[in-house]
Structures are given as C-alpha cells and as structure tokens.
1. Quick one: what pairs do we get from region 11-32, first residue basic (Lys, Arg), second at pLDDT 85 or above, C-beta under 6 Å, 6+ apart or different chains?
2. Quickly run through region 22-72 and pick out the residues that are surrounded by fewer than 12 Cβ atoms within 10 Å (Cβ to Cβ), β-branched (Val, Ile, Thr) and under 16 Å from the mean Cα position of the chain (by Cα).
3. Quick check on region 1-21: of everything there that is among the polar types (S, T, N, Q) and either within 27 Å of Asn69 (Cα to Cα) or surrounded by 12 or more Cβ atoms within 10 Å (Cβ to Cβ) (or both), which residue is modelled with the lowest pLDDT?
Amino acid sequence: MENDLARIAIARVEPTAIFGTQMERPVGKRLNIPCGVIAAPSHIQDFPVGYRPFLGDEGTNQLVDLIYNSFT
C-alpha cells in the first residue's frame, strides 16, 4: 500500500532521478527512473541487544567478530 502511494506521488512529479532508501528502488524500476540509494540498509539484527565486553580476551573476540561480520 505504501509503495503504491509512493509510486503514484513519484509518477505525478515525473523526476529525472530518485534518491532515497531501499524502498524507492522498485518504484524507480517500475517507472523507469534511475534511483540512487543514499541510506545504508540496516536491520534490527545489526544492533546488539545485550552486553558485549570490550576488554581482555573476550573483548578481543567480540571486536574481531564485529569487524569480520561488517565485511561479510
């Protein structure tokens, strides 16, 4: 529903390009308008909920996991 409203509003304005979030990509594709994503996708799983140590051996493991998971 929200995607349809966005598509109608964007089609009415007839822009030469769209810059927005991941949600605007399919709208741009349907309307044949180039779309640039300016907001990085994020998910609730990307943010820690609990305590994570940052010192000692366990802190080193947490830091390595964070860096490794950022690149994968």
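The values are calculated or read from the model by the stated rules, or taken from the named source; none is laboratory data. What you see is a predicted model; the values in this text were computed from it and never measured. Here Cβ is always computed from backbone atoms with ideal geometry, including for glycine, and neighbour counts include all displayed protein chains.
1. Every condition considered, the pairs that remain are Arg25/Cys35.
2. Ile38, Ile44, Thr72
3. We begin by selecting, within region 1-21, every residue among the polar types (S, T, N, Q); these are 3, 16, 21.
Adding the requirement that they be either within 27 Å of Asn69 (Cα to Cα) or surrounded by 12 or more Cβ atoms within 10 Å (Cβ to Cβ) (or both) leaves 3, 21.
Details: Asn3: 65, Thr21: 81.
In this case the residue turns out to be Asn3.
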